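The next block holds one structure in the form of structure tokens; read it before the comments.
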Amino acid sequence: MDTRVPSESPSAAPTTVDAAHLAPPGRVASFIAGRRTKWLVLVAWIVAIVALGPLAGKMGEVEKNDAAAWLPASAESTAATELLARFEGSDLVPAVIVYQRESGLTAADKAVIEQNRQEVTPMAVGAMPPAIPSEDGKAMLLTVPLSDEHALDQVKELQKLTDRAPPGLEAKVSGPAGGMEAFVSSFEGTDTTLFAAAAIVVAILLLLIYRSPVLWMLPLISAAIATVTAMSVVYLLADNAGLTVNGQTAGILPVLVFGAGTDYALLLLARYREELHIHEDRHHAMAVALHRSGPAIIASSATVALGMLCLLIADLSSNAGLGPVAAVGVVCALLAITTLLPALMVVFGRWVFWPKRPHPHTEVNETRTAWGAVGRRAARRPRLVWVGTAAVLASFGVAAFTVDTGLGFADQFRNTPDAVVGQQMMEKHFPSGQAAPAEIVANASSASAVTAAATATDGVGQVAPPVKSTDGQLVKISAVLTESDPEKTGPIVERLRAAVHAVPGADAKIGGEPASAYDIATASDHDRTWVPPLVLGVIVIVLVLLLRSLVAPLLLVATVVLSFGAAVGASWLLFSGPMGFAGVDDSWMLLGFVLLVALGVDYNIFLAHRTREEVAKHGHREGVINGLAVTGGVITSAGIVLAATFLALAVLPLVSMTEMGILIALGVLLDTFVVRPLLVPMLAIDVGERFWWPTRPALQPDESPAAAEPVRETAGV
């Protein structure tokens with residue numbers, strides 16, 4: 001039964017209001033949106049941002065982009081790295097200058113190379129080795145041992161030197177130091193760049209969505225403050241609690257906070273606008289809106305945060321580190337959108353919606369929408385619609401089984417840094433793997449046996465003489481592999497480890513770039529096996545608690561998994577086709593799964609939570625259609641904003657970040673325009689009331705029609 005709120009003027013149309021709108025909001029919501037207490041909320045945020053704001057810019061100081069930031073602690077290459085610290089020069093990072101003249105090096109070229117050697121000698125730590133010529137006489141390698149502390153700046157100086165090479169003599173800085181500089185430069189300013197890109201994208205889209213010259217600013221300000229707060233908290237955790245933060249994590253954080261925060265803001269403001277058509281007092285309207293939409297927003301953020309925390313069981317340090325970082329970001333977004341934004345909205349009043357300012361006691365029918373029309377048309381044959389939709393998604397998902405995982409060094413960049421060009425020149429004129437050998441560490445007493453075992457291993461080209469540690473107990477043996485492609489070096493590393501492990505008493509460990517790449521790939525396989533089931537289990541539990549149903553959560557999660565498979569397949573068709581990428585990053589599938597499933601369930605939570613309300617008022621079939629109609633606009637807007645925000649990752653020159661942005665964007669758009677409006681509602685209609693089993697949506701005691709009375713509120717606009 002409905003009640004009518006009387007109009008204050010003859011021209012105002014009476015509005016039909018159900019009892020749920022008239023139920024008193026909770027104490028927390030009333031405090032946040034209170035006439036006086038809203039100022040306390042704003043003061044608390046001002047204090048927080050003044051205290052934490054300056055720390056956000058320091059997050060780059062705690063980023064770690066070396067191998068240790070990615071490797072699992074239990075990996076053999078990690079143990080080898082620790083042992084290598086006992087050798088003289090363990091803190092050195094070699095830069096390799098590669099010289100090439102296609103017609104063959106001339107005497108003048110060799111004189112220039114020797115002159116360069118003399119010029120860079122002051123940078124070198126220890127003895128400066130002579131340049132090494134290639135067998136074909138067309139290239140030379142000049143290795144410069146640099147200190148780890150100053151390597152990045154010194155590589156830039158070496159690049160200035162190579163830029164002055166005479167015509168016809170090509171010179172590039174590569175090797176471990178050159179590769180490190182290429183990666184660090186790609187991530188340089190990532191957090192600031194993506195913060196700005198996400199802010200611009202969100203601002204434009206909010207302006208188009210609200211078509212108000214003022215309203216868009218408040219969600220944007222709230223999301224920006226949430227992002228700054230999250231970056232500050234992450235900095236404190238990394239600086240004081242040992243949290244691992246790398247460039248990938250720093251890139252995803254601002255995008256995730258902006259995207260999730262804007263989604264929550266759109267949901268809250270849609271409900272607030274609805275309540276403003278009913279209530280005269282904007283404070284009460286916001287309290288009701290926050291009370292009614294709060295459970296869905298909290299459940300959505302809990303889903304994402306808990307899903308990301310599942311990454312803590314990951315072997316790969318980069319994956320495990322992203323979990324708490326993303327969880328911090330989502331929690332900050334939740335706090336800002338459910339406290340700061342409501343307080344700002346009631347401070348500014350109704351006029352921020354201008355030119356479409358919502359007036360109290362005016363009729364508004366949210367079910368008469370384009371999505372409502374889509375739902376009613378599809379509901380004529382719900383089984384045909386959901387089965388057909390699922391079949392289309394599954395057909396794209398087939399391509400997911402053809403994804404090539406693993407990127408070589410050169411394949412990781414969308415541009416071509418000097419380090420990549422230098423490596424290609426080395427591979428052309430020198431044995432593969434010479435610039436990045438496998439490093440064997442063993443007991444000194446077994447040096448000759450380990451050297452013999454390594455030399456006899458298939459796939460090992462050259463083995464350097466053993467070098468003793470400073471305490472004389474260990475030896476380091478460099479083994480140059482015949483391959484440099486990670487897919488081919490992996491089996492060689494396996495054989496080499498088996499060979500040296502078999503040497504009695506050697507206690508040999510193998511590290512270096514090829515072994516690190518192999519250990520990263522192995523850890524990624526472990527993470528892809530164990531993390532997804534845990535994420536799905538956590539999400540199902542959250543949905544069961546929210547919807548008080550067992551059937552609905554399983555079906556909702558199944559639709560999101562199907563959507564993820566379709567997004568992976570569609571993305572791979574794009575990557576391997578027009579974009580020409582060689583493969584995907586080792587962590588792409590796992591991180592994409594966690595982010596997409598958690599964010600995709602967000603929209604199902606928004607839809608299912610409101611649908612449950614509508615089913616309680618109108619019955620199952622009509623309630624499902626009304627739920628789609630009422631949430632359609634806001635979820636569509638939220639999906640477009642989130643997809644566009646993640647596409648901001650494409651501004652970075654790294655293939656892995658571009659691939660991640662495209663995967664999330666495609667997945668979110670599939671959820672927004674296919675899964676949420678067609679697959680989920682039509683599946684729910686076809687299943688019938690069993691969708692809500694074992695409970696059934698019903699009016700709560702305080703929502704009974706008898707409790708509702710005509711209400712006239714005190715004006716507070």
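The values are calculated or read from the model by the stated rules, or taken from the named source; none is laboratory data. This is a predicted model, so every value here is computed, not measured. Cβ: placed from backbone, ideal geometry, glycine included. Neighbour counts: every protein chain shown. These area figures cover heavy atoms from the full protein model, side chains too; ligands, DNA and RNA do not enter into them. Shrake-Rupley method; radii C 1.70, N 1.55, O 1.52, S 1.80 Å.
At-a-glance table
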| quantity | calculated |
| --- | --- |
| Taking only Cα atoms of segment 569-675, radius of gyration then Dmax in Å | 16.6, 54 |
| Segment 197-270: translational diffusion in µm²/s, Stokes-Einstein, Kirkwood Rh over Cα pairs, 4 °C, 1.567 mPa s | 98 |
| Rg/Rg_globular for segment 65-165, with Rg_globular taken as 2.2 N^0.38 Å and Rg from C-alpha atoms | 1.29 |
| Exposure rank, largest accessible area first [359, 620; 1.4 Å] | 359, 620 |
| Centre separation in Å (Cα based) which lies between segment 516-573 and segment 216-255 | 24 |
| Range of Cα positions in segment 498-631 per principal axis (Å), largest first | 76, 40, 16 |
| Accessible area of the chain belonging to carbon and sulfur atoms, whole % at 1.4 Å probe | 62 |
| Relative contact order (%) - segment 260-311, alpha-carbon pairs under 8 angstrom, separation at least six | 33 |
| Computed log₁₀ I(q)/I(0) - Debye formula, equal Cα scatterers, no solvent, the chain, q 0.06 Å⁻¹ | -0.44 |
| Volume per residue that the Cα convex hull of segment 523-587 spans, once the total is divided by residue count, Å³ | 86 |
| Radius, Kirkwood style, for segment 70-114 when every pair of distinct Cα atoms is counted (Å) | 14.2 |
| Kirkwood-type radius of segment 259-309, with distances r between different C-alpha atoms, in Å | 11.5 |
| Pairs of Cα atoms farther than 28 Å apart, segment 275-424, % | 59 |
| Rounded accessible area per residue of segment 550-606, 1.4 Å, Å² | 23 |
| Structure-based [θ]222 nm, the chain - -39500 (n - 2.57) summed over DSSP H runs of at least 4, per residue, nearest 500 | -19500 deg cm²/dmol |
| Principal semi-axes in Å for segment 407-506 [√(5λ), Cα gyration tensor, largest first] | 29, 14, 11 |
| Ellipsoid semi-axes in whole angstrom, largest first, where each is sqrt(5λ) of the Cα gyration tensor of segment 125-280 | 51, 19, 10 |
| Restraint check, 110/138; 428/488; 64/488; 172/428; 468/509, Cα-Cα greater than 19 Å | 64/488 |
| Alpha carbon centroid spacing (whole Å) that separates segment 138-191 from segment 282-344 | 42 |
| Residue order for 689, 82, 135 - accessible surface, 1.4 angstrom probe, largest first | 135, 82, 689 |
| 5 Å binning of all Cα-Cα separations within segment 174-232, expressed as whole percents from 0 upward | 4, 17, 19, 16, 12, 10, 8, 6, 5, 3, 1 |
| Spherically averaged projected area in nm², based on the convex hull that wraps the Cα atoms of segment 196-341 | 9.0 |
| The chain, relative contact order in percent, only Cα pairs under 8 angstrom and at least six apart counted | 20 |
| Area accessible to solvent at residue 493, 1.4 Å probe radius, in Å² | 0 |
| Highest to lowest packing among 337-346, 205-214, scored as the average C-beta count within 10 Å | 337-346, 205-214 |
| Segment 298-379: Cα Rg divided by the 2.2 N^0.38 Å rule of thumb | 1.71 |
| Where segment 327-387 is the region considered: accessible area per residue in Å², 1.4 Å probe | 50 |
| Beta bridge orientation in the chain: antiparallel %, DSSP, nearest 5 | 95 |
| For segment 380-426, Kirkwood radius (reciprocal of mean inverse C-alpha pair distance, Å) | 14.5 |
